[in-house]
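These notes are about the structure you will find just below.
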């Protein structure tokens, strides 16, 4: 497999994660009914879909089309945790997913062979990720406290981080198998 093929596969996984993240946010948009969440979720969804477009555009620049991804991070973590029904749990899962994306993008930026155009895309998407984590974390803690469950968010984070480690380890193994 040549480097361009590896890039197309990698960027297709990134694209898939951004699109599926937007889907999770749409679910939150339907159940988090306070005005601040409605505004922030709308902006957040807009940024996630823009990130997916940036990866799509990058794949097209390589002369290809995105590859369908049926076993990416979001699918795998979803199979392990199901779909949380509680808004605080959904916010916690979103924080874990966003933090994972941020870590992955930062790791990629540090690779010495990352093409300059890919670095541009990575910088653009990571610029938004910090705000995504911060506002969701703050809102989830606020909602938990308002319901008399001030530690609900932290407990959910802990549970989802354990699943994240397992899913990430599986994906890392798949990546080593694919790319050597």
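In table form, for the structure just shown:
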{"item": "Taking the chain and dividing mean pair separation by its residue count, relative contact order in percent (alpha carbons under 8 Å, at least six apart)", "result": "26"}
{"item": "With Cα atoms, 0 to 90° folded angle of helix 87-110 axis to the chain main axis", "result": "30"}
{"item": "Part-to-part distance (alpha-carbon centres) for the stretch 72-88 and the stretch 107-159, which is given in Å", "result": "16"}
{"item": "Estimated inter-spin distance, residue 170 and residue 158, nm [label 7 Å along Cα→Cβ]", "result": "2.4"}
{"item": "Taking 125, 88, 75 and counting other C-beta atoms within 10 Å, the order from fewest to most", "result": "75, 125, 88"}
{"item": "Helix axis angle, 152-179 relative to the chain longest principal axis, alpha carbon, degrees", "result": "10"}
{"item": "Helix 35-61 vs. the chain, principal-axis angle (Cα, 0 to 90°, nearest 10)", "result": "10"}
{"item": "Structure-based [θ]222 nm, the chain - -39500 (n - 2.57) summed over DSSP H runs of at least 4, per residue, nearest 500", "result": "-29000 deg cm²/dmol"}
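A short reminder: the numbers here are calculations on the coordinates, not readings from a lab. Not measured: the values here are computed from a predicted model. With ideal geometry, Cβ positions are generated from the backbone for all residues, glycine too; neighbour counts draw on all protein chains shown.
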